[in-house]
Each structure stands twice: as structure tokens, then as C-alpha cells.
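Have a look at the structure below, then the notes.
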Amino acid sequence: MTSQNNATSTDQADSSVSIDTAAANDNFATDTLGNEIFDSDNGVDLAAFFEPYFRPDANTIVCGALDDEKVVALAKSGVELVINLQPDDELSFDEAAAVERAGMSYEHLPINGAAELKQLKILAFDNILRQYHGKKIAMHCGSGNRVGAAIALRAGWLRGRKMDTAMERGRSHGLTKLEQEVHNRLLVPR
């Protein structure tokens with residue numbers, strides 16, 4: 001699993017992308033700044049558009065809140081589904097319409113903080129992920145933290161992963177501030 005460096009410099013958005021094929025492996029190459037560019041992104045440097053930005057694998061993008069420009073970048077990179085975990089009161093534009101206009105599918109599963117990290121929400125999240133298995137997916141909330149929490153809880157509760165594995169999976173997907181809450185929830189058998 002690879003995780004994208006979250007630091008994005010202002011110079012990065014202006015830099016031209018040149019792929020270092022010597023650094024390439026099966027899934028990605030690096031640009032001139034050493035950022036991973038996945039071969040499956042159609043040449044789009046997603047790290048230049050998103051802060052925070054996590055890339056646990058070639059088909060999964062985790063980021064913060066979207067806007068029109070970010071939606072277009074996701075579509076150009078080949079994303080097929082956007083999963084939004086932000087509640088309506090956190091959204092600043094009609095995200096569903098923007099995503100659908102860009103030709104991607106859209107799923108909205110609002111999680112309003114730690115109180116809503118319940119098994120029914122995680123089951124709904126799991127159902128969405130299973131429906132789109134193998135597709136290129138972008139998942140987001142305000143910072144990636146709720147996405148990471150949902151991934152960790154899914155790994156622990158629904159996939160039977162050990163605590164360390166579930167927590168690491170969550171961290172690779174953006175889990176930060178909710179780490180202790182997720183850890184405590186994973187201690188309770190389901």
C-alpha cells in the first residue's frame with residue numbers, strides 16, 4: 001500500500017509533470033517533485049489539486065471537500081464514482097449535480113462526526129464499496145478523517161481484520177483525529 005505525501009507546495013500546481021520512468025513500478029511513476037502519479041490517472045497530477053490527498057492504491061483516492069475544479073480533475077483522471085461522507089450543511093455547492101455532469105456516479109452517505117460511526121452506516125458504506133468493486137473511486141469528507149474512520153471500522157467489524165491492521169488501513173485512508181474513537185469502537189465485538 002502506498003500513501004501519498006500530504007504536503008502540497010504552491011510550486012507543485014505550476015510545475016510541469018515529467019514522469020521518471022526509472023522510478024515507475026506497476027502502478028505509478030513520480031513527477032519532478034517526487035509525487036506519485038498513477039499510470040491510471042490519464043496524466044492528471046491529482047496531488048496538485050487536493051490537500052489533503054491520500055492514495056492507498058491505484059483505484060482509491062481519498063481527499064477533502066470538493067469544488068467544481070476538483071470534480072473535473074477527478075473525472076479527467078478516470079474516476080468512476082465519488083463517495084461523499086459530508087453532511088449537507090458542510091457542502092458549499094451542488095456536488096451531486098457537478099459529479100453527474102462530469103460523467104461520474106455519485107453516492108452520498110453523510111457521517112456527521114464520531115457519533116454517526118455506527119455499524120449501520122458502516123454496513124451502508126460497505127455496500128457501496130462492494131457495488132463498485134474494481135472501479136476507480138474517490139472518497140471524501142472535509143479532511144479524509146471520516147473516510148479513514150469508516151475504512152478502519154469496515155476492516156475491523158466487517159472484514160475481521162486485527163486491530164493493528166484495521167487501524168493502519170484507516171490511517172492510509174486519512175484517519176487522524178478520530179483515531180482514538182475508532183480504536184475504542186474496534187475494541188467492542190460486533
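The values are calculated or read from the model by the stated rules, or taken from the named source; none is laboratory data. Model, not experiment: these values are computed from the prediction. Cβ placement follows ideal geometry from the backbone for every residue including glycine, while neighbour counts extend to all protein chains displayed.
Quick notes on this one:
- Qualifying residue in the range 55-71 (condition: over 20 Å from Asp41 (Cα atoms) and out of contact with any Cys (no Cβ under 9 Å at 6 or more places or on another chain)): no
- Of residues in the range 159-190 being among the polar types (S, T, N, Q) and surrounded by fewer than 17 Cβ atoms within 10 Å (Cβ to Cβ), the one nearest to the chain's Cα centre (by Cα): Thr176
- For the range 144-158, residues that are surrounded by fewer than 24 Cβ atoms within 10 Å (Cβ to Cβ) and either basic (Lys, Arg) or at pLDDT below 95 (or both) total 1.
- Subset of the range 64-100 that is without any contact (Cβ under 8 Å) to a residue 24 or more places away in the chain and among the charged types (D, E, K, R) - its residue that is nearest to Phe125 (Cα to Cα): Asp88
- Taking the criterion of being within 24 Å of Trp157 (Cα to Cα) and among the aromatic types (Phe, Trp, Tyr), the residues of the range 92-143 that qualify are Phe125, Tyr132.
- Restricting Val99, Val82 to residues that are β-branched (Val, Ile, Thr), surrounded by 21 or more Cβ atoms within 10 Å (Cβ to Cβ), modelled with pLDDT of 95 or more and within 15 Å of the chain's Cα centre (by Cα) narrows the list to Val82.
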